[in-house]
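The values are calculated or read from the model by the stated rules, or taken from the named source; none is laboratory data. If you're wondering where the values come from, they're calculated on a predicted model, not measured in any experiment. Heads up, the Cβs are rebuilt from the backbone with ideal geometry, glycines too, and the neighbour counts pull from every protein chain shown. To get the accessible areas, we keep the full protein, side chains included, count just its heavy atoms, and leave off ligands, DNA and RNA. Shrake-Rupley method; radii C 1.70, N 1.55, O 1.52, S 1.80 Å.
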Amino acid sequence: MKQNLLKYIKSKNIELEIFESVTSTNDLLKKQAVNGAKEGTVIAALKQTNGRGRLGKTFISEKGGMYLSILIRPENLNFDTTLITSATAVAVSRAIEEIGGVNTQIKWVNDILINGKKVCGILCESGICGQEAFVIVGIGINMFVPENGFDDEIKDIATCVFEKENNELQNKITARAIDNFFYYYNKINNKEFLNEYKQRNIVLGKDILVLKDKEQINAKAIDIDDKCRLKVEYPDGKQEFISTGEISIKLKEL
Ligand code: BTN
């Protein structure tokens, strides 16, 4: 299993482990990061029993997906996790398009869609151990429909790259996602991904709901700035930049 994926990865210094099933690749890699694992350590799994998404949500991770986490150790401690999340979204979108041959869109901030349905979620989590910071870049891609179909909770909003299982292409997408990620991450300061992130973003110009605590506020998404914050305008004309934190958004139309 490991060699079948490793042979497609071109990035240097990747330490890969791949499992049939884990609790959460992010949780496993975090433990390794604390114990000194080096940048480029990657944990991949075909299933997660405790997959986690943003805002404390569960990320349903049945067999049919590729779930992976990449460890990076940014030298500059002022790194911005939102930028890393956005660069990852561009990297994975490209990988799905290049290998899977399907068009993708990005929904600010961390979702990748095919025809308006979610095919991939990204969760970047940072930590500090001693003097060194680390970031775990977690990526969950629905590759094909699980044996018994998608869970009821997500069946109307989820989609996958392929109609049926194709190990070769799934490994190629995963490898390309890792390579594309390091390409953008190594140049994170020149923000090469930013234009593409904006172009691919499905939210710009759309009416949205800003979900903050228990509130749902009507707004229009008007721009994304160079910190990848979303600029929104409320019906009273007031504008605000929102960053990921505890906020998420819902599109009112596609
Ligand atoms: C989201 O959509 O809110 C983010 C989902 C992130 C899921 C990935 S799958 C690999 C890694 N391990 C996890 O537990 N979560 C991330």
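Of note:
- Test: residue in the range 181-204 that is touching a strand residue (DSSP E or B) at 6+ places or on another chain (Cβ under 9 Å), in a loop (DSSP other than H, G, I, E, B) and open to solvent by 40 Å² or more (accessible area, probe 1.4 Å): yes
- The range 101-127, residues that are more than 29 Å from Lys31 (Cα to Cα) and either open to solvent by 20 Å² or more (accessible area, probe 1.4 Å) or in contact with a Pro (Cβ under 8 Å, 6 or more places away or on another chain) (or both): Gly101, Val102, Asn103, Gln105, Lys107, Asn115, Gly116, Lys117
- In the set Lys172, Lys250, Lys191, Lys198, only one residue is under 19 Å from the mean Cα position of the chain (by Cα) and at positive phi; that residue is Lys191.
- No other residue among Ile154, Ile139, Ile128 is within 20 Å of Arg52 (Cβ to Cβ), of a type in the set (A, V, I, L, M, F, W, C) and away from the ligand (no atom under 16 Å from the Cβ) apart from Ile128.
- Filtered residues of the range 61-89 (kept if open to solvent by 10 Å² or more (accessible area, probe 1.4 Å) and more than 12 Å from the ligand (Cβ to nearest atom)): Lys63, Arg73, Pro74, Glu75, Asn76, Leu77, Asn78, Phe79, Asp80, Thr81, Thr82, Leu83
- Any hit, the range 105-119, residues being away from the ligand (no atom under 16 Å from the Cβ) and within 21 Å of Leu204 (Cα to Cα): yes
- Pair list, Cβ < 7 Å and 6+ apart or interchain, from the range 23-43 residues that are on the phi > 0 side of the Ramachandran plot to residues that are away from the ligand (no atom under 14 Å from the Cβ) and not small (Gly, Ala, Ser): Gly40/Asn13; Gly40/Ile14; Gly40/Glu15
- Single unsatisfied condition, Ser69 versus (1) of a type in the set (Ser, Thr, Tyr); (2) in a strand (DSSP E or B); (3) farther than 18 Å from Ile128 by Cβ: (3)
- For the range 24-60, a tally of residues being open to solvent by 70 Å² or more (accessible area, probe 1.4 Å), within 12 Å of the ligand (Cβ to nearest atom) and either modelled with pLDDT under 95 or in a loop (DSSP other than H, G, I, E, B) (or both) returns 5.
- If you go through the range 1-23 and pick out every residue that is assigned to a helix (DSSP H, G or I), over 19 Å from Asn142 (Cα atoms) and open to solvent by less than 70 Å² (accessible area, probe 1.4 Å), you end up with 1.
- When we screen Gly149, Gly138 for residues that are closer than 20 Å to Pro74 by Cα and not in a helix (DSSP H, G or I), the only hit is Gly138.
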